[in-house]
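Comments concern the structure below.
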Amino acid sequence: MATSTITQESAPRHGGKAPQRGTSLGGRLLRLNWVGGSLGWIWLLIVMLPLYWIVITSLKTQSNYFITNPLKPPTDITFENYKTVIEADFVRFFFNSVIVTAGATIPAVLFSLMAAYAVVRGATNRWLKGINALFLMGLAIPLQAVIIPVYLIIIRAHLYDSLLAIILPSAAFAIPLSVLVLGNFIRDVPKELFESMRMDGATEWGTLWRLAFPLTRPALVTVTIYSALQIWNGFILPLILTQSPNQRTMPLALWTFQSEFGVNVPAVAASVTLTTIPIVLAYAIGRRQLLSGLTAGFGK
Amino acid sequence: MTTLAPPAVRVKEPTRTSGGRSGAVLWMALPALVWFVIFAVIPLIGVLLLSFTTWNGIGTIHGSGLTSWKAALTDPGLPRALWVTFVIMALSWLVQTPISILLGVFIAARSKYRGLLAVLYFVPVLLSSAAISITYKALLDPNFGLSAGLGVSWLAQDWLGQSGLALGVVVFVVSWQYIPFHSLIYQGGVRQIPQSLYEASQIDGAGRMRQFFSITLPQLKYTIITSSTLMVVGSLTSFDLIYVLTAGGPGDSTRTLALQMYQFGFQARLMGPASAIAVILVLIGLAISLLLRRLGGRADESQLEGM
């Protein structure tokens, strides 16, 4: 998903924002689209059914799983499967994922903010123009296609089978989209504000932190959540750049757990549920920011 | 970028509010630039160079001319992998686009229950491909999965064991995972359509179907191109989901180019041919992006500014 080639292509339609697109448009679309209406509820069912199934299955005993109806919740709930999963070292995998996600997202977003600030403020600078163009083109580089040279770099740097091996390329691939989105926000900051900061004798560094940083906070949150989600769910980098169980992150751990415990479906279901809970919780807290940010970023 | 341009750095325009001290901010771009160049730009060049070498992934790298390209291009699996990649790309586009547009229109309306539905729709986007594939693998089990739960014998197929069915399952699961994301893009697009267009057409007596086809769809043109590009390039390079769901099987029936690259490189330890396939992947992705951009038919500059 991060291989968003022409995000920049999503330019606004003429007229931009309609001043009042409140209830009357909503009300009309409400009646307009009965096809969408029925589809809406069917889609909810399609989305929810696997999620419902995975949760109820994780609460069944293994013997119960084979004899009860798969879609009926268990009569006697067991947490035995979760115990199995946690004993399979998932706490470690969880913290590995936390380290990788935080270790890659935080520097990637901060450096992207600095780069976005530089690109916008130095829009007339030839070098910065080139750098900006490079980041835009970089959106089109798919991670999967360059995985072999990345592997080569990591082994030559003696980083193979470490969390840092996952962190470094993950962060790099979060940068282009972050620069693009943050740059668009900084571009919207009125020039007069920058000018008055300059009159007050602020350095560019000071202007970045005291003006651009607070004003782009919504975009920063969106970019952080989006990058963190991509990195948290990343699979191919851990698969190729690590091998020992100690360095496993959650998606990879799920996969190996599934190949070891394949017959114990309830335990596998518990592993999926357990690794999903943190993101769903984070979503419950940050969803408004994520959804509106993504809509603004892509839908424009 | 263009060397013919006048030396912009030195030409100061005192009236401009920005750019006056652009040299002072240049260094701020450096950390991101260096990081990105090392792990994305250099590897992009590297993969092209590696495709002219022989390397087993551990030992030394030997230049070997076109040997790796020959090995990759004459591999009997390649036409099949190209075909599978194309079929998955085309089918998942055909499935995802209409559903995403309809759902996008549906959740663009501002009503409370639709807002709630939109929140729930988005959940699949949060899950890792590994988690989704593992769930569907178990759910599609002919004996203990969905078919047993619903009591529909028609559903009791060996979904992942027959080539045609497995391909269909891959398309379905890809769509399940990504439709929420694309409907969100369309939601944003629909909300930007000027309301006056609908009002005008209402005065002209246009029905709702008519409005959908002659206002909503044409107005979504650029959103469709953005979303399609993301979809097509995404499914071209998608790896995790298919790798965990079918590992390319049964046989080679779901083995895409990305999977073939992985198997060449990290299982057969033939990094040279694997790099050649990676180059093919990049080229196809670029070609499709450019083609779709051409379909959009707009000048590049305005698009960049528009964002």
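Being of a type outside the set (V, I, T) and surrounded by 16 or more Cβ atoms within 10 Å (Cβ to Cβ) is the filter; apply it to the range A:63-78 and report the residue that is farthest from the other protein chains (Cβ to nearest Cβ). Filtering first and then ranking leaves A:P74.
Here is a yes/no grid of residues against (1) facing another protein chain (nearest Cβ under 9 Å); (2) within 14 Å of the chain's Cα centre (by Cα); (3) farther than 18 Å from A:W232 by Cβ; (4) outside any helix (DSSP H, G or I):
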| residue | (1), (2), (3), (4) |
| --- | --- |
| A:W255 | yes, no, no, no |
| A:A269 | yes, no, yes, no |
| A:V272 | yes, no, no, no |
| A:Y283 | yes, yes, no, no |
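With a requirement of 3 or more residues that are within 7 Å of chain A (Cβ to nearest Cβ) and out of contact with any Leu (no Cβ under 6 Å at 6 or more places or on another chain), the helices (runs of 4 or more DSSP H) lying completely within the range B:199-255 that satisfy it span B:221-237.
Here is a yes/no grid of residues against (1) surrounded by fewer than 23 Cβ atoms within 10 Å (Cβ to Cβ); (2) more than 23 Å from the chain's Cα centre (by Cα); (3) not charged (D, E, K, R):
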position	(1), (2), (3)
A:E80	yes, yes, no
A:A88	yes, yes, yes
A:Y117	no, no, yes
A:A133	yes, yes, yes
A:I148	no, yes, yes
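A:I141 meets the conditions (1) among the β-branched types (V, I, T); (2) more than 30 Å from B:I58 (Cα to Cα); (3) outside any helix (DSSP H, G or I) in every case but one. The failed one is (2). Residues that are of a type in the set (K, R) and more than 7 Å from chain B (Cβ to nearest Cβ) within the range A:114-165 comprise just one, A:R156. Only a single item in (1) in contact (Cβ under 8 Å) with a residue 60 or more places away in the chain; (2) closer than 27 Å to A:M250 by Cα is not met by B:S253, and it is number (2).
Considering only the range A:208-246, state which residues are outside any loop (DSSP other than H, G, I, E, B), without any contact (Cβ under 8 Å) to a residue 40 or more places away in the chain and touching a helix residue (DSSP H, G or I) at 6+ places or on another chain (Cβ under 7 Å). Those that are outside any loop (DSSP other than H, G, I, E, B), without any contact (Cβ under 8 Å) to a residue 40 or more places away in the chain and touching a helix residue (DSSP H, G or I) at 6+ places or on another chain (Cβ under 7 Å): A:L211, A:L239. Taking first residues from the range B:256-268 that are over 21 Å from B:L167 (Cβ atoms) and partners that are surrounded by 24 or more Cβ atoms within 10 Å (Cβ to Cβ), the Cβ contacts under 6 Å between residues at least 6 apart in sequence or on separate chains come to B:F264/B:P273; B:F264/B:A274; B:G265/A:I148; B:G265/B:M271; B:G265/B:A274.
Let's see how each residue does on (1) touching a Pro at 6+ places or on another chain (Cβ under 9 Å); (2) facing another protein chain (nearest Cβ under 10 Å):
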site	(1), (2)
B:I88	no, no
B:Q96	no, no
B:I99	no, yes
B:F106	no, yes
B:V123	yes, yes
B:A131	yes, yes
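Condition check for A:E192 on (1) at pLDDT below 90; (2) touching a Ser or Thr at 6+ places or on another chain (Cβ under 6 Å): one failure, at (2).
Could you go through the range A:34-44 and let me know if any residue there is farther than 27 Å from B:G115 by Cα and either modelled with pLDDT under 80 or crowded, with 19+ Cβ neighbours inside 10 Å (or both). Among the residues of the range A:34-44, not one is farther than 27 Å from B:G115 by Cα and either modelled with pLDDT under 80 or crowded, with 19+ Cβ neighbours inside 10 Å (or both), which makes the answer no.
The values are calculated or read from the model by the stated rules, or taken from the named source; none is laboratory data. What you see is a predicted model, and the numbers here were worked out from it, not measured in a lab. Cβ: placed from backbone, ideal geometry, glycine included. Neighbour counts: every protein chain shown.
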